[in-house]
Amino acid sequence: MSDNLTASTYNPANIEAETQQYWKEHNSFFADSKSSKPKYYCLSMLPYPSGRLHMGHVRNYTIGDALSRYKRMQGYNVLQPMGWDAFGLPAENAAMNNNMPPAKWTYENIDYMRDQLQKLGFAIDWSKEVATCDASYYRWNQWFFLKLLEKGIVYQKTAKVNWDPIDQTVLANEQVIDGKGWRTGATVEKRDIPMYYLKISDYNDELLSALPDMEGWPERVRTMQTNWIGKSSGVRLCFPHNITDADGALIADGKIPVFTTRADTLMGVTFVAVAAEHPIAQKAAKNNAALHDFIAECKEGGVSEEDIAKREKKGMDTGLTAQHPLTGENVPIWVGNYVLMNYGDGAVMGVPAHDERDFAFANKYGLPIQQVIASTKEQPPFDSSQWQEWYGDKENTVTVHSGKYDGKDFAAAVAAITADLQVKSLGDKQTTWRLRDWGISRQRYWGTPIPIIHCPSCGAVPVPEKDLPVVLPQDCVPDGSGNPLNKREDFLAVDCPRCGQAAKRETDTMDTFVDSSWYYFRYTCPEAGQMIDEQTKQWMPVDQYIGGIEHAILHLLYSRFWTRAMRDCGLTDLSEPFDRLLTQGMVLNDTYFRKADDGRVSWYNPDDVEVSTDSKGKPISAILREDQQPVDIGGVEKMSKSKNNGIDPQALIDQYGADTSRLFTLFAAPPEQSLEWNASAVEGAYRFLKKLWTYVNDNQTLLSQLTSIEDNTLSKAAQEARFEVHSSLQQANKDYERMQFNTVVSASMKILNALTGLERDEKNAPVHQEGARILLRLLQPITPHITHSLWQQLGETTDILDAEWPQADDSAMVTTTVTIVVQVNGKLRATIEVDASADKTSIETSALAQDNVQKFMEGKPAKKIIIIPNKLVNIVI
RNA sequence: GCCGGGGUGGCGGAAUGGUAGACGCAGCGGAUUCAAAAUCCGCCGAUGAAUAAUCGUGAGAGUUCGAGUCUCUCCCUCGGCACCA
C-alpha cells in the first residue's frame, strides 16, 4: 500500500477524542503515593467555578500541564490535581439574578468546567478532586479554626466594614462604587462589627525572614511580600496632655502615643493629628458642633486603602493641646481624616517641613512649618511655599534649629533624641509592621459556617468536635439584604453545648481565602477522615506552583501563614508549602468602543468588529459588522466582562481543537509575561500542526523504521538538517528547564522546517526517522493528542508518555568551519569562515586581510585586537 | 496616594555583555487553480538605486574594545492595595 492511500487530513476532533479515551482507559494520570520514582507535585491555582473556563484558566493550566508532562517524561512520579474554589460572592449574585440557590449554580458550573478541562487534555489525576463547598472539605476549615481558637491564634475584635444603610447589609469593597452601594446607591458608611481574626502577626517576623532564601520564587513577588509585611523600625513616643473625659479622669493616662520612623525630626513637630474615632477627638466634639459634623463626615466613604489614600486630606482643630515631649511647649491637636484609628495608635505627629503629606496639610490650614533638617548635598534652600524632594531625605542630612541636637546625621539624631525620651519615660525604640491580622468573618451565606454558638449565659461557645461539620443549608436564595442564614430558624436554633439551654448559631462565614490556604494539602488525601494523613508527606511540599500575579500577596502570604499554623499544631513539619512559584501573566485583547453624547461608553467584542489596515498591516480604522458604522480603537487590555473583550475558549476548542489552543497559548508569549489574543496567530498554530500531521502521515513508510546513523555517509544537506535538529533540541531542552515554552515551540518549528526542507529519499531516511521521533517527544507536553497519535503512526508500540526523553547528540553538532564576525571599533565590517581549530594568530591574520576591514582601518595600526573564540574579532584602532 | 512590573519592526516575541529582530503573525510578489480556499516558493526595521553607507531596542547620560542586556536620571504604560477571586 502506498503512503498516498493512507494519507488523511488532520482532524483534531477525532484524534483528541480517541487519545483522551486512551488515557481514560489506561488511567494514565493516576498519581500513586506508593511509587518508588521521585515525586513531582505540580500545582495550578484552583479555579473559581464561575460557569465557563476563561482564557486565563486555559493559560494557567496549559503551562502546568506542559510542565507536568515534561517532568513525567523525565521519569518523575507526577501529581497534577485539580479542584474548585467554590465558595464566594459571585454565586450569591448569580443566585439573586436567577433565583437559584448558590449550591445548584455552583455544582452545575463545576460539572461543565470539569468537562472543559478534560477536553483540553490536561494530565490531571481526577481521583483527587476537591470542591471547597463540600462539607467533607470545609469541615476541616471548622476543625482547624477550633484548634487555632484553642491555641489563641484566633481572637475576636471589632472591625470597620462598608455598611449599606438601605439594604441593612455589609458590602464587599467591590460592591462599593464611588462611595455608594451598588444596588441601592446609598452613601456607604463605615461601621464597627465584631469579627474573628487570625493572628498572622505572630508570624510576621518568620514570614519575612524566610523570603530571602526562597530562591524558587520570583524576586518581584518576594519584594511585594516584604513590602506588604512592612517591617519598620522607629520610635514610639508620647505627647503628654491633661485632657479629661466626662468623669474627670485623664484620657489614656494623660498621654497621646504616636509612632514615627523619623524621630530625628521631633523638634520640628508643629501639630498632632488624631483619628476621628480617637477618644480625644470624641471628647472635643462634645461641645463643638462643627467638629462633630466633621467626625461624622469622616465615616463616609469606603474602607479600602486606596479610597482612604486618594481622599482629599482634611482636618479640623480640636482646640485642645498636648505638650511636646522634649520641650514641653504646647502643640495643637487636630483631627485628620487620613489618620486611621485601627492602624498604629490612631495618632501621628505632624512635621510639615519634612513630610510631604504634613506639608500639604500645614499649608492648607496655616499651621507653622519648622525646618529641622538640612541637606549636606547641594540643594536649593528650604522654602516653605513649595515642597522639595530633599525635605524628606534620611541620607546626607544634618539636624538644624534643634537646640542641643543640632549637627547630627539621621542615626545620631535618632539615638540622642531616643535616649532623652527614655530618661523621661516618654518614648522608646519600637518595631512596627504594616501587616494586619487577618479578619476572616464575612457576613455572607455562601461560605464555611464559623463553628461558634452564642449562648445567652455562656457567651460564644465553640461547637464540639464531635458535632462537626456545621453544615451549610444548601437551599438558601440570597436577596441582597443581609445574610439569609439569619432567616433560617432550622440553622439558627441550637442548644448550648455547655449549659444546654436554647442558643443561636453564629451566621458569619469564613473568608474564602481560608479555603484556598490549604487545599493543596487536601489534594494529597482527599478521602482522609482527618485534615491530612500520612500520604501528605509523600507529596508535599508543592514542587512548582503556578498562578496569576494578582495572587502575589494575599493568597500566597495566607498559605505560607496557614502552613506554619498547621506546623505549630503538629500536623506537618513544613514551613513553606511552595518550593517554586511561577506567576503567569494576564491574557489581553484589543478593545473597541463608542462614546455616546451623554458620555456613556459601549464596548464591542473584537469578534464583532472588522479592522482595516494600511499597506503595511497597521490598523487604521474599525467598523462594527452589525451596522457597518465606525467604532473607536481602544488599547489592549486584560480580558474582562466590563470591556467586553473576552474570548470564549470553548469556541476555540470547538473550531481548532485542544492542541491548537495549547500551542497558541504557549507560543504567543513567555509564561510570566502578558499574552495578547490574536486570531491569526491561532491560525498559524493550526497551520503548524497540519504541517506536522502531513509530514508524518504522508511519509509513514519512510519513517516507520529507525535506522542508525552513520555520519560519514550523509550528504551535506542531511548533515545540515541533522545539525539543525540537534542544536534546536539542545536549545529546547534548556528552555524546558526554565519553563520558557514559547522558545521550545520555536525550536520545534525549526526542527520541522529542517526536516520538511530535506528531500525525503532512502539516503536521508535515517535523519528523518530520528528527527520525527525527536520532534514528537519534544512536542508531547505541549500538544499531547497529535503527538500521541503520530507516535503510533511511526510504528512505535509504547506509549509516548513512557518514551525516553530525547537528548541532543554532540556528534551531530560538530562542524569543521565556523563563521567569525569581524568588527572594527565595535562595528561589523566582515564575516570570515575559519577552521574550527584555527589559532588566534591565523584568525587575526585572515581578519586583517579582509578588504572592508582594511578600508575602515584607514591605514591606521591596530591598537588592540580582541578575539572571542568561535565568535568574534574586534579590531580597535 | 503607596507598592510592583513592562517599554525591541506593522504585531507577538528572540537574543550566557559579542552579527539586534530567531520563530511566528500580518503585508507584498509569484506558483498551483476555471476560480477560490488550502498548499508551496520568494521578499519583508528606517533612509537609500544599492549586495554601499548611515541610523535604529521609550528619552538622556555613564561604564566598556563592545550595551537591548550593567549604573544613574526622566517619560509612558499596565497590575495589586487587605470583604472580587
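What percentages make up the Cα-Cα pair-distance distribution of segment A:516-611 when the bins are 10 Å wide from 0? Distribution as computed: 13, 33, 18, 12, 14, 10, 1 percent. Accessible surface computed residue by residue for segment A:831-877, with neighbouring protein chains in place and a 1.4 Å probe, gives 66 Å² per residue.
Angle of helix A:741-756 to the longest C-alpha principal axis of chain A, folded into 0 to 90 degrees and rounded to 10: 10°.
Would you mind checking A:Lys104/A:Lys199; A:Lys104/A:Lys190; A:Lys104/A:Lys504; A:Lys157/A:Lys286 for any pair whose Cα atoms are more than 31 angstrom apart? In this structure, A:Lys104/A:Lys199; A:Lys104/A:Lys190 lie more than 31 Å apart at Cα. Straight-line reach from A:Lys424: which lysines fall under 19 Å, measuring Cα to Cα and dropping same-chain residues less than 8 apart? By straight Cα distance, A:Lys424 reaches A:Lys255, A:Lys404. Label zone (A:Arg191, point 7 Å along Cα-to-C-beta; backbone nitrogen cut-off 17 Å) within segment A:125-164: A:158-164.
Quick one: in segment A:269-374, what % of C-alpha pairs are over 17 Å apart?
53
Model label sites at A:Gln807 and A:Asn678, defined 7 Å from Cα along the beta-carbon direction, differ in position by 3.6 nm. Calculated accessible area for segment A:78-132 comes out at 32 Å² per residue, all protein chains present (probe 1.4 Å; ligands, DNA, RNA ignored).
For helix A:784-793, what angle does its Cα long axis make with the longest principal axis of chain A, in degrees from 0 to 90 and rounded to 10? Relative to chain A, helix A:784-793 is tipped by roughly 20 degrees. Computed on segment A:196-347, with alpha-carbon pairs under 8 angstrom and 6+ residues apart, the relative contact order is 24 percent.
Farthest towards the positive end of the charge dipole of segment A:432-488, among the residues A:Gly482, A:Gly447, A:Thr432, is the Cα of A:Thr432, using unit charges on the Cβ of Lys, Arg, Asp and Glu.
One quarter of the surface of the convex hull around the alpha-carbon atoms of segment A:1-78 equals 8.4 nm², the direction-averaged projected area. Computed extension length for A:Tyr343-A:Ser481: 46.7 nm, one decimal, from 0.36 nm per residue of separation with the Cα-Cα distance subtracted.
In this Cβ point-charge picture (+1 for Lys and Arg, -1 for Asp and Glu), segment A:297-419 has a dipole of about 220 debye about its Cα centre. In this rough spin-label picture, where each label sits 7 Å from Cα along the Cβ direction, the A:Asp495-A:Leu872 distance is 8.5 nm. Net length available on complete extension from A:Ile553 to A:Lys537 is 3.1 nm, with 0.36 nm assigned per residue and the Cα-Cα distance removed. Rounded to 0.05, the FRET efficiency of the A:Asp406 and A:Glu25 pair, given R0 = 56 Å and the Cβ-Cβ distance, is 0.10. Figure legend: label point modelled 7 angstrom from the Cα of A:Arg434 along Cα→Cβ; residues of segment A:556-575 with amide N under 17 Å from it are A:556-558. So what does the Cα-only Debye profile of segment A:94-242 read at q = 0.09, 0.20 Å⁻¹, as log10 I(q)/I(0), no solvent term? Here log10 of I(q) over I(0) equals -0.59, -1.18.
Work out the P(r) tail for segment A:214-350: percent of alpha carbon pairs separated by more than 20 Å, whole number.
Working: 4871 of 9316 pairs.
Distances greater than 20 Å cover 52 percent of the Cα pairs.
Relative contact order of chain A, taken over Cα pairs closer than 8 Å and 6 or more residues apart, is 14 percent. Excluding same-chain neighbours fewer than eight residues apart, the lysines reachable from A:Lys595 by a Cα-Cα span under 28 Å are A:Lys180, A:Lys310, A:Lys618, A:Lys638, A:Lys641, A:Lys643. Is the shape of segment A:316-457 rounded, prolate or oblate, going by the alpha carbon gyration tensor and its root eigenvalues a ≥ b ≥ c, with a/c under 1.5 for rounded and a/b larger than b/c for prolate? Judged from the Cα gyration tensor, segment A:316-457 comes out prolate (a/c at least 1.5, a/b above b/c).
Rounded to the nearest 20 debye, the dipole magnitude of chain A is 1240 debye, with +1 charges on Lys and Arg beta carbons, -1 on Asp and Glu beta carbons, and the Cα centre as origin. Projected onto its three principal axes, the C-alpha set of segment A:308-364 covers 35, 25, 20 Å, listed from the longest axis down. Along segment A:678-693 the Karplus relation, 6.51 cos²θ - 1.76 cosθ + 1.60 evaluated at θ = phi - 60°, assigns HN-Hα couplings of 8, 4, 5, 5, 5, 4, x, 5, 5, 4, 4, 5, 4, 5, 5, 4 Hz to successive residues, with x for each Gly and Pro.
Give the Rg/Rh ratio for chain A, taking Rg as the radius of gyration of the Cα atoms and Rh as the Kirkwood radius, to two decimals. All intermediate terms of the calculation are to be shown ahead of the outcome.
Values: Rg = 34.2 Å, Rh = 32.8 Å.
With Rg and the Kirkwood Rh in hand, the quotient comes to 1.04.
Seen against the Cα atoms of chain A and their longest principal axis, helix A:554-568 is set at about 80 degrees. Once backbone amide H atoms are built at 1.01 Å from N, A:Arg829 has A:Val822, A:Gln823, A:Val824 as its partners under 5 Å, excluding neighbours fewer than 5 places away on the same chain.
A dipole drawn for chain A from +1 and -1 charges on Cβ atoms has a positive end, and of A:Asn330, A:Ser727, A:Val821 the residue lying farthest that way is A:Asn330. Placing +1 on the Cβ of each Lys and Arg and -1 on the Cβ of each Asp and Glu in chain A, which of A:His26, A:Trp805, A:Gln584 has its Cα farthest towards the positive end of the resulting dipole? In chain A, that residue is A:Gln584. Around A:Lys39, which amide H atoms from residues at least 5 apart in sequence, or from another chain, sit under 5 Å from its own amide H, with H modelled in the peptide plane? The list, which skips near neighbours in sequence, is A:Asn77. Using only Cα positions of segment A:458-527, each an equal point scatterer, no hydration layer, compute I(q)/I(0) via Debye at q = 0.13 Å⁻¹ and quote the log10 values to two decimals. For the requested q values the scattering log ratios are -0.54. Give the lysines whose C-alpha is closer than 29 Å to that of A:Lys716, dropping any in the same chain fewer than 8 places away, or say none. Partners found: A:Lys690, A:Lys691, A:Lys734, A:Lys750, A:Lys763, A:Lys840, A:Lys871. At R0 = 41 Å, how high is the FRET efficiency between A:Lys313 and A:Asp213 if r is their beta carbon distance? Nearest 0.05 is fine. Using R0 = 41 Å, I get an efficiency of 0.55. Each peptide in A:262-271, A:343-352, A:223-232 was scored by the mean count of other Cβ atoms within 10 Å over its residues; highest first, the order is A:262-271, A:343-352, A:223-232. Beyond 20 Å, what percent of the Cα pairs of segment A:592-738 remain? Looking at segment A:592-738, the distances longer than 20 Å represent 68 percent of pairs.
The alpha carbons of segment A:172-267 give a radius of gyration and a Dmax of 20.9, 60 Å, in that order. Considering all different alpha carbon pairs of segment A:121-166, the Kirkwood hydrodynamic radius works out to 14.4 Å.
Under the combined filter of DSSP loop state and at most 11 neighbouring Cβ atoms within 10 Å, segment A:585-659 retains these GluC sites (Glu not before Pro): A:Glu626. Sites listed here are chymotrypsin sites (Phe, Trp or Tyr not before Pro) in segment A:11-74 whose DSSP assignment is loop and whose Cβ has at most 15 other Cβ atoms within 10 Å: A:Phe30. The slack between A:Thr817 and A:Ala246, meaning 0.36 nm per residue of separation minus the straight C-alpha distance, is 196.0 nm. Summarising the amide proton neighbourhood of A:Lys180: residues at separation of 5 or more, or on other chains, whose placed amide H is nearer than 5 Å comprise A:Val188. Between A:Glu720 and A:Glu833, the simple spin-label model (points 7 angstrom out along Cα→Cβ) gives 1.0 nm. When the trypsin sites (Lys or Arg not before Pro) in segment A:639-700 are filtered for DSSP coil states and for at most 16 other beta-carbon atoms within 10 Å of their beta-carbon, the remaining sites are A:Lys641.
Average 1/r across all pairs of distinct alpha carbons in segment A:377-428, invert it, and you get the Kirkwood radius: 12.6 Å.
The values are calculated or read from the model by the stated rules, or taken from the named source; none is laboratory data. Computed from a predicted structure; not experimentally measured. Glycine gets a Cβ as well: all are built from the backbone with ideal geometry, and neighbour counts include every protein chain shown. These area figures cover heavy atoms from the full protein model, side chains too; ligands, DNA and RNA do not enter into them. Shrake-Rupley method; radii C 1.70, N 1.55, O 1.52, S 1.80 Å.
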